[in-house]
Each structure stands twice: as C-alpha cells, then as structure tokens.
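Structure record follows, encoded as structure tokens.
Throughout, read-outs are computed from the coordinates displayed, never taken from laboratory work. All of these numbers come straight from a predicted model, not from anything done at the bench. Every residue, glycine as well, gets a Cβ built from its backbone with ideal geometry; the counts of neighbours run over all protein chains shown.
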Amino acid sequence: MSHAATTHHTSMGLDSRKMAFWAFIGSECLLFGTLISTYLIYQGRSVSGPTPGEILNIPVTSISTFDLLMSSLWMVLALAAVQRGDMKWAKVWLLGVAIGGAIFLGFQVYEFTSFVHEGLTLKTNLFGATFFVLTGTHGAHVTVGVLWMLTLWYRAMRGKLGPQHAVTVEIAGLYWHFVDVVWIAIFTLVYLLHK
Amino acid sequence: MPPFRRHYTSFAALSLGLLAACGGPFPQSTLAPVSDFGHDIDRLFTGIFWWAVAVFVVVEGLLLFSVFRFRHREGAPSPKQHEGHTALEITWTLAPALILVFIAVPTVRTIFKTAGDAPAGALRVEVIGHQWWWEYRYPDLGIVTANELHLPVGRPVAVDITSVDVVHSWWTPRLGGKRDAIPNRHTKLAFAPDSVGMFTGQCVEYCGASHANMRLRTFVESDSAFQAWVAAQRATPSAPAKGSVEETGRQAFQRYGCIACHTVAGFATGIIGPNLTHVGSRTTIAGGTIMNTEQHLHDWIADPPAMKPGSMMPNMHASPPDVTALVAYLQSLK
Amino acid sequence: MSEAKGLKSWLTTTDHKRIGLLYFWTAFVFFLIGGVEALMIRAQLARPDSQLVGAETYNQLFTMHGTTMVFLALMPLGAAFFNFIVPLQIGARDVVFPRLNAFSYWVFLLGGLFMNASWFLPGHPAPDGGWFGYATLTERQFSPGPNIDFWLLGLQILGIASLAAGFNFIVTILNLRAPGMKMMRLPVFSWMTLVTSFLIITAFPVITVALVFLMFDRVFGTHFYLPAAGGDPVLWQHLFWVFGHPEVYILILPAMGVVSEVLPTFSRKPLFGYTVVVYSGVLIGFMGWGVWSHHMFSVGLGPIADSVFALTTMLIAIPTGVKIFNWLATLWGGQIRLTTAMCFALGFIALFTIGGLSGITHASPPADLQQTDTYYVVAHFHYVLFGGTIMGLFAGMYYWWPKMTGRLLSEPLGILHFWLTFIGMNLTFFPMHLIGLLGMPRRIYTYSTDLGLDRMNLWSSIGAFTIGLGMVVFVYNMWRTRRHGAVAGPNPWGGATLEWATSSPPPVHNFDVIPTVTSRMPLWDAQPPAKAPAEPVHVPPGSWWPLVAAAGLPVMALAPLTHTVWIVFVGAAILLYGIYRWAYEPFEV
C-alpha cells in the first residue's frame, strides 16, 4: 500500500486512505440517492404489469435483510480480531462476512428469478426497470464486497494479513457497513413503504 | 395598441437602426414583438438589459482604468500591500444584490402574467410536433392543418403543445417566447397578436436530422379574412373532374401509397404525415421550408430525402408523368 | 524531472508532474480537434443554405465539438494544472495516491479515444444527439445507430477518470500540506481545485445514473425516458442538468483559481480579500446545486418552479460578482506588468463579465423564453467558457510553462496569440447575441437567407478562423520554445507561492526540504531558505497496473456496442486483476 497514505504525517491527522474512502462513500450516496429518487418518482406510474404490492415478498426479504445485518456484525468482529492480532478468529469472521454476503446474493438471485417467472422483468414496466436497476446496482456492490472479503480472507490464510493492516480491514468494513445501510434504505422505501 | 408605443424605451428602437447596417429586415426578431406576450417579455428584457449595460460600463471601465493607470513604471515604489477593506467589500456585495431585486421583482410578476393561462373565449389551438413538421388543430372549429397557422388579430389564443415523438419547441419570435413540445405532456402558451402580417418561426429544440428544416408560418389577419380561411378549411374538396390531370394525380396518390400517411378529407385518412386537404392553399411545403410552387412540389415529390435530410417521406421513385399529375392534384386541393 | 527516459517510463509513471504533462498534451490535442470541429461548423454557417457539410455530419460536429471541449479539453486541461501545480503549491512531494492518479489519466485517454473511434468506422457514426443528449431523441427508436452508444459509453468511462481524480485531490489537499500551510494559507488555485474536486465527486454519480438509464433503455428495452410505458423524457433533463450545472462550475472554478494567482503576481500586490474570494468559491460550489432548472425554462415546469430557479440563479451572481470586484481591487494601486499570462487573466475578467451579464438576462424566465436554444445562449456560454475558462487556462499555460518545462514561452508571440484570440473571440461570439435575438435557433445545420443574418454569420465565421490563427501562433510558440526558449530560473515571474520555491522544472522529489510555511505568500514574505537534507529523498517506482486496470474499462464498454455479453466479463476481469495486482504490489512513496 502507498506509504504516504499510511505512516507519514497527515495534515488533518486522519489516515489518507480512510479519508479517501469517506469521500468515496459521499459520492456513492449521490449514486444511490439518484437511483432511489428515480424509483420514488416513478412509484405508482407504471402503466401495466405487476405492482410492488402484488409481487414483493416481505417475509423472505426480511430474512435476507437480517442476514446482511448479521454480516455487518461479523465484520465488526473481524476488524476487532485483526486489530488485536487474533488472526485465527479474523479468518473465521472474514469468511463469515463473505458467506453472509453470498447468502444475501443468493436470496437476490432467487427473488429476481421468481419475479421474472411471475412476469416482472426490466422491460415490463417502470417498477421493473427502477426496481431491478436499483437493487441490481446494490447487488453488484455486495458482489464487490464479497470478493473483497474473500481476498482479505485469502491473504489472511496465506499469513499476509496482520494487525499492521488493520486500517485496510477497517476500510473494507466501512464499505460493507455502507452497503448494508443502503440496503436498509432500499428495504424500507421499496419493500416496507411500497404503495 | 399602437405597435410602437412601447418601443421608445425598447432596446429594439435603438438597435434596429444599428442592425440595419448589419443586414435585415429581420423577420424572426424577438425585438419587434407583435403580441401582448411578446411585449411583456420585451419590456422585461429591456429593463434587465440596461442594468447589464450599467454594470458592464462600471466593471469594464474600472478594468481598463486600472490597467492603464497602474501600469508598471520603472523605479516606481512597491505598491501598498492592501489585503482587504470590509466596508468596500460589503458595498460591492450589497449593490449587486440590490440590482438583482430590481430584476427579480418584475421577473416574477411577468412569470405569473405569462404563465400560459388564456382568458375565457380564447381561440383554442393544438400544436403537435412531429419529426419534422407541425400539426395544427383547431378543436372548436374542426380544422386540422399543418405548418401554417392562421389567427385573427386582437383575439387571445390558447395554445396547447405536445409531440408525438421527440422533444421539439414551438417558436414564432415576434409573437413571443417559445414552449417545448414534449411527448406525453401538454405545455401551454397564451397570447393575443396585435398586428396583421405573416410571421415566421422554427423548431427550436434539436430534434434530429432535419431540425433545421422544421419551420412554421403564422398568418395574423383581420377577422373577416380569418373567417374566410376557416370556411375554406372546413370545406371538403370536390373530386377532380373525370379525365383531368388532377384525377390522374389522385389515382397516383392512391397507387403510390400516399394515402397511408396523409389525410385528404373525403379520400385519404393517413395520419403519419401532414394533412393535405388544403395543401394547395399553403404558401410552403415540407415543414414550412420550401415555397409551394409547381417546380418545388415537383422536386419534393420526386425525391423528398434529397431536399430534406432524413425525411420520413421516402423516395417513391414515381415516374415523371406521375409526379406531374400528383403536383396538379395537390395544387388543386385549395 | 525524473531522469528515467523512454516509453516505458512514461507508460508506468506515477509522478504527478509527468502525469500533468500527459494530461496537458492529450487535452491540448483534443482541444485542437474540438477547434477543427468548430471551424467546420462555422465554415458551414458562413453562408445561408450552404451544402458544405451535410445535415448528419453537422449534427455530429456540434455534438462532438461540445462533448470534446467540455470533457476532453477543458476539464483535463484543468486536471493538467491540478496535477503539476497543486502538490508543489501545498509543499508536497506528490499526490496521496500516485497510481490512482496515473489510472485517472489512462482512463481519460482511453475514454477519449473510444468516443472518437466512432469517426473512423464506416459511415462515421459519431455521436449526434448533442452534448446534452436529450431523450427521447437519443432512444434507440429515434437514434438506431451506434452513435449514441459511443457517446454514453465514452462518457461513463470518462466519468470514472474524473471521479478517481476528484478523490485523489481532495485527500491530497486536505492531508499533504506542508507544515504551517493552514487551509486559509492555501493558494487560491489549490482551494478552487478542492472545491472543484468536491463538485466532481458529487455531480458525476448523477450523470452516471442518467447514462445508465439511457443505456438500459437502448440495450435492454427499459422505459426510463419513454412515455409509452409511463417514463418521462423530462427526467433525463432533470438528471442531466443536476449534473450539468455543477459541471459548469467544475469548468470555471479552476480558471478563476488561475486568475487569482496571476493577478497578484503581476500586480505585485496580494489578492484583495483572499478570505472572501475563497468563501465565495465555496459558496458558488454549494449554490450551484440549486439552479439546474434554469436550463429548462421553456419546458413549462410552472410559474412557481420557474420563479424559484430564477431567484436561486440570480443569487449565485452575487458571489460571482464579488470575485470580480476583488480581482479589480487587486489591480488597483498595483504595479501591473502586462505579460502574456497577465493579458489572458485580464481578458478573462473582461470577457467573463460579459458572459455573466448575459447570464443574468437568462436568469429571468420570460426573457429566457426568447433566448434559450438560440445563438444568444451560444454567445453566453462561449463568453464564460471561452472568454472565461479558456482565457484562464491560457493564462495558466503562459504562467506555469516555465515551471513545467524549464523554458519561457516567447512573449512577443504570446502577445500576438493573445490579441488574435481576444479579437477573434469577440468577433466570433459577440454577433451571436444579436443573431440569437434576431431569431436564429441553435443546432441547425443551415439557415435561410430570409432571416437577414447572412452578414453577421459571416463575421462570426471570420472570427472563428481568427481564433484558429491565434492557435497556430501558440503551437508554433510551444514548438519553438523547446530549443530556443529562454531558460527559466526557479521564479521567473517573482511569484509568491511554493511552486516557485524549487527549480524549473522541479526535481522528481519536488523539494529538497519540505518548506515550513508561515504566511499565505511564502516567497514574498522572505522565508529563510531551506537547508539541504542529510539523507536522500525516496522516490516511488512506476507501475504498470494503473494502465492495465484502465484498459479493462473500454473493453467492458465494447459489450453493449457489439451486443455481446461475455466481453463485459473479460473487461471486468482485466480491471479487477489490475486492481488486485495494484493493491498488493510493493509501493512506497
């Protein structure tokens, strides 16, 4: 990792990589904000096809939401383990986060395929278009997160991850928690508060 | 209202003289309005313009003065290192703010005055933008036509604007501001023309290959002339005489499939292209771009895309005698 | 400057100075290309009913002229100076993430090449929907060819370059300042770079989403902007302009930063009201988010929306006007030296003022209904973007050329370039105010002689070629100075800020000793010279991975263009592999 970003003195006293990542999260807020705004603007304006009320399965999605929230807990535990040098548990928790994320993605795949079978695709109506692009973008972010966690787990397995890398794990955690928070917003606005 | 009553304060009065040296006349000038809407805008613009001139003179004057007065001279002492002056800075923050108030208040007033709500009894016109021509409907008069609008002078008009394909924008500069034509939306304009004449305009939102060739003409005429036009538009054209070249043309009109796209009352019901029931009485063809003469009609029918890039009207490869007959038929549709 | 020579050293460079030069040359070439496109436009419009250039080609020319100038010329020319100058101004050895910096450049280059590749395919299907790409014209049914696909894919690639650079410069400016360089001692150019970077990282996600929606409409059959299924073409306009308005501040703030550096140097006085100039820049950045629908006054949003946006637009004129007065006060009482850089900076003030004033007339919706979409608005934005941004960038070029290359550009040729540009610019664009008010719309490939505008259009075209002549002079100046330019010392202009405290060009490590700063104008306040260090300064190596990762993006973009899905995975694999190797290669700054 770049040296200037770590051990050199920084004018604001904050690790540069962390600062950059917070800026990135700010930018991502605009990205998801635009997607969510479009979803909300187009709510109720589909001309035909399935509506959210008809097709969303809140009980099942609650399970995947819970799974994602749990994975954030495991992320916290992973970071704590790395920080205290307990690489055995760090590997467990990091793999756990990756698996938790993969389970969430599994639920998404199940949901998407069942929607398609029930007649909701990207092309069907505005609900289909906005729903799939919004949740698909989120899912793509989860996928990147899963790959990231697997990479960290793999490095830990090779003995190349240790407490001196805690900041990079913290940043991975920031990303994961952000993706989780975005899901909370989507779950609330799209699923729980559907028209 | 005498058309030039407001012009003594108008930028138009000053500039038209100057502009005459640069060209002219200027049939699409926004500076010579002929409607209440146009005058309201012109008045507002004139006010803002003079404020802008005042600021221009002050700022550019100070700039030029500073550059000359404070030019580097050999041996001159080092300049005083001023870093700021609070009172000055407050002044030049508040002064522009104050000027903006003088611009904002008439602006908001004019926005609401010209929001497009016509008084009761206004003549209703529907404008529908197509690539690349204008469809006009008078719903209360039962008239459908294209590209050339006729209006009675002095009477308020309520214009409802939409599009069937892409975003266009309807604009006759002398009659006032423009309004976009957006598919699935209805926008509106309201104005009352105050002068008789023919006023040209064009589409003013990029809409594809022949955006430049999507023009329009508005004929503001006396009430009697307008009523005569209305009567002519509502009349169904009689069938051409048997054996005449017009009748040959009408048969060709059917044979070449023109009826699939065009309406001629009592004969054809196509709605993709302009209504041609009274095309013979129009001054222009092809989206208001080409003068409606025998030769031009001939060239147009022979190869529309050559005259109008991207034209939806294809080259039907009509034989020259057929083209001649078609021209005769269309010119008979007065 | 780094001593490593050869192609490999340039392909793998992570040195902000080299990356700055790469940005400069690439952007300048695109600037000339955009200029040629403009000359072809003006050649076609020199006469009414001209057949010089056909309708379709003309529509491509104005689309590519706008897109090229905004995204491939003006923004990257700003980035060239962010790159070369900002680390020097803040007293740092490089940016925080040198490889991310290189990545930004390569993505920019590849994105620009991708979009312009369309010119070379059979039938030259270059983008033709306007730089603003309004739906529904850009939808597949009205634009069936690949033209719009090149446009939206190219812009998405370029967006990533800008975002990466935005993150890099925010952290660099906030975190790598020399000891004593408090935020309110930062040079104004670096401040404007900071504000611009925040605008980039917040505005570009919006256009990215807008473009993704359009891409999905065109490739996957969604109806985001298609009314038949309830979509709204006006949504595109809102999303585009929510991005588009901050974008114009992204374009002008760096140039305002340059002017704020050049004026004090050549007036021998500090910038008047530094604090206010900085705060007004920050304020403009925030307020720029609240004005976007002033681009939509003819859409019929209703009197309340129109009034609100009219008022917010007028309000933003206040901090803008304040800056102009502060600049004038900087000149007042000074000892003004009319070097070429200073002439361009003064030209900026003169011309940007005109553009700002025509902007005020646009801020009034009823008046704007006669101006919008005509040549009047073309005049407005060319006064602010050419008379403003480009004049400011040329001021920067003449000012910082000696620092970047070690040689001075010829002043006599520079003055000639200035006058040709200034006169040419006014000759080209001033008549357009009238041409617009006299009823000529924008974006039309020809016009009727009936409009009475033949002569004015001809003058405008002559002006454009005058500008072109000025550019020829400038290119000759650049070429000539390589061998015959006077050698520049560290501080040929007597500037006050830290970039002048090192040699021209700087050594690869920028400063032998990172200076400690005690004022806003370190070199004018006669700081004691730093002593040479005992130990040598470590310089990071180059890296291939930014270039490799960058290459993944245009490969991914080929997928929608060729309608083959698997290509996107190949491109993503390249990108991810490049990132992985980048993350884990040993790299010490």
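Observations on the model:
- Electrostatic dipole magnitude of chain B [Cβ: Lys, Arg +1; Asp, Glu -1; Cα centre; debye, to 20]: 440 debye
- As a rough footprinting exposure proxy, the listed residues A:39, C:249, A:191 were ranked by other beta carbons within 10 Å of their own, and the order from fewest upward is A:191, A:39, C:249.
- Length-normalised contact order of region C:437-518 in % [C-alpha pairs under 8 Å, at least 6 apart]: 14 percent
- Diffusion coefficient (Stokes-Einstein, Kirkwood radius over C-alpha pairs, 20 °C, 1.002 mPa s) for region B:121-274: 129 µm²/s, rounded to a whole number.
- Region B:207-287: GluC sites (Glu not before Pro) falling in loop per DSSP and having at most 16 other Cβ within 10 Å: none
- Close Lys pairs in chain A (alpha-carbon distance under 30 Å; sequence gap of 8 or more, or different chains): 6.
- Note on residue B:232/residue A:147: beta-carbon distance plugged into 1/(1 + (r/R0)^6) with R0 of 60 Å gives a FRET efficiency of 0.25.
- Using distinct alpha-carbon pairs, which all enter the 1/r mean, Kirkwood radius of region A:59-192 in Å: 15.5 Å
- Cα-projected label distance for residue B:241 with residue C:551, points at 7 Å along beta-carbon direction, nm: 8.0 nm
- GluC sites (Glu not before Pro) within region C:1-69, DSSP loop, no more than 15 other Cβ atoms inside 10 Å: C:3
- A Cα-only calculation for the protein assembly as shown places Rg and Dmax at 31.6, 110 Å.
- Averaging Cα coordinates gives a centre for region B:28-107 and one for region C:276-350; these two points are 12 Å apart.
- Overall size of chain B from C-alpha positions, given as principal axis extents largest first: 99, 49, 39 Å.
- By the rule of a C-alpha distance below 13 Å, with chain neighbours fewer than 8 residues away ignored, the aspartates and glutamates paired with residue B:178 are B:160, B:205, C:368, C:373.
- Averaged over residues, the count of other Cβ atoms within 10 Å places the peptides B:47-59, A:86-98 in the sequence A:86-98, B:47-59, highest first.
- Selection of trypsin sites (Lys or Arg not before Pro), region C:140-216, meeting DSSP coil and at most 16 other Cβ within 10 Å: C:140, C:182
- Altogether, the Stokes-Einstein calculation at 25 °C and 0.890 mPa s, with the Kirkwood radius of region C:12-99 over Cα pairs as Rh, returns a diffusion coefficient of 167 µm²/s.
- Summed side-chain charge close to residue B:332 - residues other than residue B:332 whose Cβ falls under 10 Å, Lys, Arg +1, Asp, Glu -1: 0
- Normalised alpha carbon radius of gyration of region C:253-398 [divisor 2.2 N^0.38 Å]: 1.12
- The magnitude of the dipole of region B:123-234, with charges of +1 and -1 set on the Cβ of Lys/Arg and Asp/Glu and taken from the Cα centre, is near 100 debye.
- Listed by number, the DSSP H helices of chain C that run 24 Å or longer by alpha-carbon position along their axis and have mean Kyte hydropathy of at least 0.5 are C:16-45, C:98-117, C:147-175, C:188-220, C:233-267, C:303-331, C:340-362, C:411-437, C:545-562, C:566-584.
- Between helix A:166-186 and chain A: long-axis angle, C-alpha atoms, 0 to 90°, nearest 10: 10 degrees
- Förster-model FRET efficiency, 60 Å R0, residue A:92 and residue C:29, C-beta, rounded to 0.05: 0.65
- Here the scattering of chain C is modelled by Debye summation over its C-alpha atoms, one equal scatterer each and no solvent; at q = 0.09 Å⁻¹ the log10 of I(q)/I(0) is -0.69.
- For chain B, the longest principal axis of the C-alpha atoms and the axis of helix B:36-69 are separated by about 40°.
- Secondary structure note: in region B:123-234, about 65% of the DSSP beta bridges are antiparallel.
- FRET efficiency estimate (nearest 0.05) - Cβ-Cβ, residue C:183 to residue C:588, R0 41 angstrom: 0.90
- From least to most packed, judged by other beta carbons within 10 angstrom and beginning with the fewest, B:214, C:432 follow the order C:432, B:214.
- Computed over chain B with a Gaussian network model linking Cα atoms closer than 10 Å, the most mobile of B:75, B:288, B:38 is B:75.
- Kirkwood hydrodynamic radius of region B:245-332, from inverse mean 1/r over distinct Cα pairs, in Å: 12.8 Å
- Per residue convex hull volume, Cα atoms of region C:238-338, in Å³: 95 Å³
- Positive dipole terminus of chain A, leading residue within A:169, A:108, A:185 (C-beta point charges): A:169
- Acute angle (nearest 10 degrees) that the helix A:87-117 long axis makes with the longest principal axis of chain A, alpha-carbon atoms: 10 degrees
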